[in-house]
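Just so it is clear, none of the values below were taken in a lab; they were calculated from the coordinates. Owing to the predicted nature of the structure, the values given are computational and were not obtained by experimental measurement. Because the Cβ atoms are built from the backbone with ideal geometry, glycine has one as well, and the counts that use them run over all protein chains shown.
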Amino acid sequence: MFERVTRHLIISLYSCLFIGLVIWHMPVGADPAKTTSNDGFERPYGYFTPMILDTVKANDDQRRKITAIVEELRPTIEPLRKKFKEKQTLFLSGMASGASAEDLLCAQRELGQIRGEINDQYLLMRLRVRKLLQPAQQELYDDFLAKQGWMKKNKK
């Protein structure tokens with residue numbers, strides 16, 4: 001009896017997780033012709049750099065240095081992003097095909113680890129960029145960053 005309840009609980013938990021992941025990846029209000037994912041990596045690395053430079057009204061020296069920072073971290077971040085996408089695809093296919101709970105938990109941990117490494121690198125980049133900005137530019141930069149992602153914050 002206990003084993004049956006435990007099995008049912010695990011199946012229900014993973015079903016909810018799978019449904020949540022599917023819904024999370026569904027584009028909301030997007031052009032149906034475009035296929036997008038909501039994993040934070042739908043744009044190529046460095047896509048926002050020109051917009052950031054324009055937003056903070058960076059001078060020529062700042063533009064050169066900020067672009068150099070972004071390019072310096074590309075060899076570290078780009079492979080992590082690619083690895084995350086590959087592991088995410090494997091995880092989702094495992095969810096859809098009914099992989100074992102142990103395999104799914106292992107894959108989920110690995111995704112979390114890769115995501116953490118990526119977040120660390122982006123934080124490093126943001127901190128290094130902030131050091132190059134004047135206080136007024138830092139506020140503009142913070143506002144720009146706050147408006148990115150799926151939990152956009154509107155500053156009042």
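Each Cα pair under 8 Å and six or more residues apart adds its sequence gap; the mean of these over the residue count of the stretch 43-146 is a relative contact order of 44 percent. Along the stretch 52-59 the Karplus relation, 6.51 cos²θ - 1.76 cosθ + 1.60 evaluated at θ = phi - 60°, assigns HN-Hα couplings of 5, 4, 5, 4, 8, 6, 5, 7 Hz to successive residues, with x for each Gly and Pro. A simple rule links phi to the HN-Hα coupling: the Karplus curve 6.51 cos²θ - 1.76 cosθ + 1.60 with θ = phi - 60°, which for the stretch 66-78 gives 5, 4, 5, 4, 4, 5, 5, 8, 3, x, 8, 7, 4 Hz, with x for Gly and Pro.
Taking a Cβ cut-off of under 11 Å around E72, the surrounding Lys, Arg, Asp and Glu residues balance to a net charge of +2, with basic ones at +1 and acidic ones at -1. This ranking places T49, T6 by how few other beta-carbon atoms lie within 10 Å of each, fewest first, which gives T6, T49. Local charge for V56 was computed over the other residues whose Cβ lies under 11 Å away, with Lys and Arg +1 and Asp and Glu -1, and equals -1.
Taking a Cβ cut-off of under 12 Å around N119, the surrounding Lys, Arg, Asp and Glu residues balance to a net charge of +1, with basic ones at +1 and acidic ones at -1.
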